Amino acid sequence: MDAGLPIPRLPASAERLLLPAAALLWLERAWARHLKWVAVGATVWLALSLMGLAAAIPGELRVSLLFALGLGSVGAMVLSFRDVALPGRAEALRRLEQASGSRRGALSLLDERAIDLSDPTTARLWARARAEATLARLRLGRPRLALDEAERYGLLPLLATGLLIGALIAKGDAPARIAAGFSPYAVSLADLRVTATIAPPPYASAAARTLSFGPGDQAITALKGSRLTLRLAAPAGDWQLVGPAGAQPVKDGRVAVTLAAEGRYVLQFGKRQAVRLDASFAGDAVPSIDFDGIPQAAPTGALRIGWMARDDHGAMAVSLEMRRGGALRRLALDGAAGSGKGAAFADLTADPFAGEVVTLRLLARDGGGQTGQSPVLRLRLPERRFLHPVAQALIAVRKSLIRDPGARAAVGERLTDIAAEPGRYAGDLAVFAGLRSAAMRLAYDTDDARALSVVRLLWDIAVDLEDRGASRAMADMRAAMDALAQRMGSASDTDMAAMLDRLTAGMGDYLRRQVEAMQAQPGAPGTGAGATLDLSFLDAMMQDLRDRLAAGDTVGAQAALANLRRLMESLQFGGSGDPALAKQAQAAAQAAETARDIEARERDLQAGTIAESVRRAVAGRAGPMDEQARSQRDIEAALQALQRQARDAGLEPPAGLARAAQAMEASREALGRGEPGDAMLAQQQAVEALGEAAGALEGQAQAMRRAAGGAMAAQPGTPGSGVDPLGRPGSGFGQGLVELPDEERMRRVQQIRRLLEERAADPRRSEDERAYYLRLLKRF
């Protein structure tokens, strides 16, 4: 070719559309020859699928028809490729020219000819033609499918009407209906319905959730450890649930799995995927807990520990951590505490830390294993005061052994000396055998380096001498209450009845032994009216507990049991029957409570002093701390009032009160000089002295109660009694007042009762349902 003749070149936009134009032209020709009736058959089948008629055809027949439709489509395509030639480049260019409205031959001219541009006129014409071709807006256009008059005005509207009716019937189920109609499987899963129940783990207070869905993808969110149960309304066959841990078969239309890991859980029918569940874990925050006031000692010596806890998913295991020096001890308080206020009794009088100042911390552990901690609290643990001379001697020996486990030989000799004087313990062979066993263990049991078994044995001997087994009976009663609280709501009716009988027997044994111990003391008044207190309301409280359990009122039964526990911890027995001494015991208890309050105020002042000293250090200020000094003066005045109160009641003020007064005076003077370091040291000494004094006053109150005689309990209607002024059980600790219902509430109760009676007598209801209504009737 001459160098003056340029090679023709199509615009890039035309080059990109050549192949689609050729394919569209081939389709238009193949449509007229073979593909028209394949499209009609597919459209008819699509309309039938949208209407739900295709899925209603018996499975094997539907698959055969679908196979025939597919086979016909393949055959038509094969015939089309055989009979319809692929369009050439020139035909594709003409198709583009026609669809774009370009001048005929405009694109072909650029594609097929070499132009001699030496002539100016020719060159201008060539440039104009190329510009027109380049600027032209090229389009493929719509397919021009050949239809005769009958097809255009008869068949085509009929197909469109069928599709429209199918779409109106299917609505949102259109994708599922189309999938079912075109499914290559004989068994359709379009009607599959899955009911999923997600039960949270036992520690969570939330109720189970239920979801319902069909085939496809579903996202679920649950706590780790939740139980996922799927119930299927589906065709019979080989169903299984495949998860991260493997496959699990569906039996009787049901399958259950524990969500131990996040991931994908696929419900399969044979090898077909029917449902895909994407499981993820919900958030679970760390629980929080704090002391609800300073723990107080009950008359029985048990420490009542209250707390305020929070957790986003319910139940927690609450425990108490006690630390003294490098020694650490932990005590479980409540295995299933809920959010909000809670309390538990812990008898620590037998603990080696008893009578010592320890650091307390509450721990709350949720079901997910996360643990929250409370701020620390310093407290002197209650210490039991013994009146029996031999018991006092054994406790002294026990303390020396705890302080110095290496003094085993000296302790063993002391125990042998005590055992050699049987007259001191009324010749009780059990006491003698226990003392000799303890001495032998100290001499020969080298495996027990800390002599802990001897420490426990000496405590058991001492308390048996003191109260003739009442402490062991109290421990059994507490164990029965703990077992009932733990299994409430999960145990069978038979087991629950057995536990209630055990609790009733334990309470009776404890009361009997306490009375026997009281009467065995010198100068006991016997069994006259002056030595007893009518405890008949305990029967009412036990019956209330039984009724709540029978009615299925687990929450109310828990409250009733806690109320009963508080009442039993408030009972105290003695033997002299001296009303004046009983009054003095009450004064000692009140003085101990006041001392605890003053101790708390001094702690708050110490915290305020620390905060103020930090602010002063940051600001670079110095000088007297007048506000803290005034607070210290007010606390001193309260302490002086307490000392006067103790003396007026005939009590012996503990030495700790005097030491606390001296420390407070030193603190006030240091605050006046602007020396916070010295003030904080003196405040700490005051806190420790007040704790010791409060413990001593509590010990005096306990000893006086024992010597005062009679069965002493918090009087009905007073705070802490748990019963109202008529001896009826209240709804909670110290809530003895009973609210009388008004006329409207009485009418509502009658309506509820009539409704329950009607349902309990309805023979159409199941036996279990009627029994449930009968249990509810007991509450009305």
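Which strands (runs of 3 or more DSSP E) sit wholly inside segment 265-349 and have at least 1 residues that are within 30 Å of residue 238 (Cβ to Cβ) and of a type outside the set (A, V, I, L, M, F, W, C)? Give the derivation first.
On the way: elements: 272-281, 288-291, 303-310, 316-324, 327-337, 340-346.
It comes to 272-281.
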Pull out all pairs, ordered by first then second residue, where Cβ-Cβ is under 6 Å, the residues are six or more apart or on different chains, the first lies in segment 179-208 and is over 30 Å from residue 370 (Cα atoms), and the second is aromatic (Phe, Trp, Tyr) and open to solvent by 10 Å² or more (accessible area, probe 1.4 Å). 194/213
Residue 173, sole failed condition from (1) open to solvent by less than 80 Å² (accessible area, probe 1.4 Å); (2) not in a loop (DSSP other than H, G, I, E, B): (1)
All but one of (1) free of Cβ contacts under 8 Å to residues at least 24 places away in the same chain; (2) within 23 Å of residue 355 (Cβ to Cβ) hold for residue 464, so report the exception by its number. (1)
Can you give me the ranges of the helices (runs of 4 or more DSSP H) entirely in segment 11-80 with at least 3 residues that are of a type in the set (A, V, I, L, M, F, W, C) and within 30 Å of residue 128 (Cβ to Cβ)? 12-30
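So which of 634, 648 is more than 16 Å from residue 605 (Cα to Cα) and without any contact (Cβ under 8 Å) to a residue 40 or more places away in the chain?
Values: 634 fails: more than 16 Å from residue 605 (Cα to Cα).
Step by step, each of 634, 648 is checked, and only 648 is more than 16 Å from residue 605 (Cα to Cα) and without any contact (Cβ under 8 Å) to a residue 40 or more places away in the chain.
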Within segment 426-447, restricting to residues that are open to solvent by 70 Å² or more (accessible area, probe 1.4 Å) and either acidic (Asp, Glu) or outside any helix (DSSP H, G or I) (or both), the one that is farthest from residue 410 (Cα to Cα) is 426
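Taking residue 450, is it part of a helix (DSSP H, G or I) and open to solvent by 10 Å² or more (accessible area, probe 1.4 Å)? Explain how you work it out, then say what you get.
Working: part of a helix (DSSP H, G or I): no; open to solvent by 10 Å² or more (accessible area, probe 1.4 Å): yes.
The answer is no for residue 450.
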Name the residue, out of 480, 497, that is among the small types (Gly, Ala, Ser), touching a helix residue (DSSP H, G or I) at 6+ places or on another chain (Cβ under 6 Å) and surrounded by 14 or more Cβ atoms within 10 Å (Cβ to Cβ). 480
So is residue 181 open to solvent by less than 30 Å² (accessible area, probe 1.4 Å) and closer than 17 Å to residue 277 by Cα or not? no
Any idea how many residues of segment 650-660 are more than 22 Å from residue 687 (Cβ to Cβ) and surrounded by 15 or more Cβ atoms within 10 Å (Cβ to Cβ)? 0
Qualifying residues in segment 373-414 (those that are buried (at least 20 other Cβ atoms within 10 Å of the Cβ) and touching a strand residue (DSSP E or B) at 6+ places or on another chain (Cβ under 9 Å)) - the one modelled with the highest pLDDT: 374
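Residues in segment 262-269: is at least one of a type in the set (Val, Ile, Thr), modelled with pLDDT of 90 or more, crowded, with 19+ Cβ neighbours inside 10 Å and more than 21 Å from the chain's Cα centre (by Cα)? Before the answer, list the steps.
Step one: list which residues in segment 262-269 are of a type in the set (Val, Ile, Thr), which gives 266.
Now restrict to residues that are modelled with pLDDT of 90 or more: 266.
From what's left, crowded, with 19+ Cβ neighbours inside 10 Å: none.
Among the residues of segment 262-269, not one is of a type in the set (Val, Ile, Thr), modelled with pLDDT of 90 or more, crowded, with 19+ Cβ neighbours inside 10 Å and more than 21 Å from the chain's Cα centre (by Cα), which makes the answer no.
Restricting the search to segment 483-494, which residues are open to solvent by less than 40 Å² (accessible area, probe 1.4 Å) and free of Cβ contacts under 8 Å to residues at least 40 places away in the same chain?
Hits for segment 483-494 are 483, 491.
The values are calculated or read from the model by the stated rules, or taken from the named source; none is laboratory data. Just so you know, these numbers come straight off a predicted model, no measurement behind them. When we count neighbours, we look across all protein chains shown, and the Cβ atoms used for this are built from the backbone with ideal geometry, even at glycine. The accessibility values were calculated without ligands, DNA or RNA, using every heavy atom of the protein model including side chains. Shrake-Rupley method; radii C 1.70, N 1.55, O 1.52, S 1.80 Å.
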